[in-house]
Amino acid sequence: MKIQGIIFTTNEVPRKLYKLKSGKVRELKKSGPVILNPGDYIAIAEYLLEIPLFGDVSAIEESEIEEVELSDEFENILKRLIELRKNKNAEENFSLEDFVIDEENIDNVIEEVETLLSLASDNLPDDEEEAINLIESIDDSKMITKVNYIKSFFKKFPDSKLGGELILDTAKKVYSTLGDRYIAKLLCKKIILHYSDDLNLCLNALNLLALVYKEEGNVMWLTYSEIAKHVEVMLNENK
């Protein structure tokens, strides 16, 4: 719909999620006015956290906005938030150019979206093989959704021995495509915990852990590298 003027007012809690298609929208934040451009979500933090707006949100020129469903958008939202979290944790220059949101709310918004993704993945089949097949069928463009299904899989089938290669492949893709080291490490550690009897699988997970920790500049990479060497020796002895 086309609009010019007030979209949301001060202290209002946004109940609809809008995406800006054309024009310009201004949000009044604690830090000052922020201009939204096409592709931005309007009052995204306030909508997700259900908190009142600090100031008015207005279309400062004739603009077109569209109401979108969170279920269709949260994958893109989370990917952009993860990038901001990475920059924040790396203590790089923190920028809100790609995603307009108050820095203090980022972690809360990430947690909220991840919770929604987890709820969406609670409908796993009761059969382990069917559950694995469902996870495998998820397109790689929805990598975060796949990760949350894997988390739900472990909760539902804590003793399962299925899906080890799938989880390792997902960890590699999360690391290479999303650059999310936290999730990559989490999946690798799940492999070591749940598939300790598969030495080849564990060796690959250990090598990926060492690589990720080394990139972070964390000395833990030496520990995982050393463990990987021991596992490699065990494999050679078994052969």
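Tabulated data
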quantity: Any strands (runs of 3 or more DSSP E) falling wholly within region 3-52 and containing at least 1 residues that are in contact (Cβ under 8 Å) with a residue 40 or more places away in the chain and open to solvent by 70 Å² or more (accessible area, probe 1.4 Å); calculated: 18-22
quantity: Test for residue 192: is it open to solvent by 60 Å² or more (accessible area, probe 1.4 Å) and either part of a helix (DSSP H, G or I) or in contact with a Gly (Cβ under 6 Å, 6 or more places away or on another chain) (or both); calculated: no
quantity: Unmet criterion (only one of (1) in contact (Cβ under 8 Å) with a residue 60 or more places away in the chain; (2) farther than 30 Å from residue 111 by Cα) for residue 180; calculated: (2)
quantity: Helices (runs of 4 or more DSSP H) contained in region 91-174 and holding at least 2 residues assigned by the TED database to the domain that holds residue 201 and modelled with pLDDT under 85; calculated: 106-120, 143-156
quantity: Only one of 187, 208 that is open to solvent by less than 30 Å² (accessible area, probe 1.4 Å), among the aliphatic types (A, V, I, L, M), in a helix (DSSP H, G or I) and modelled with pLDDT of 95 or more; calculated: 208
quantity: Residues of region 155-198 satisfying the condition of being more than 28 Å from residue 238 (Cβ to Cβ) and β-branched (Val, Ile, Thr); calculated: 174, 177, 183
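The values are calculated or read from the model by the stated rules, or taken from the named source; none is laboratory data. As the structure is a computational prediction, the values presented were derived from the model and not from experiment. Reconstructed Cβ throughout: ideal geometry from the backbone, glycine too, with neighbour counts over all protein chains shown. Keep in mind that these areas ignore ligands, DNA and RNA; they rest on the heavy atoms of the full protein, side chains included. Shrake-Rupley method; radii C 1.70, N 1.55, O 1.52, S 1.80 Å.
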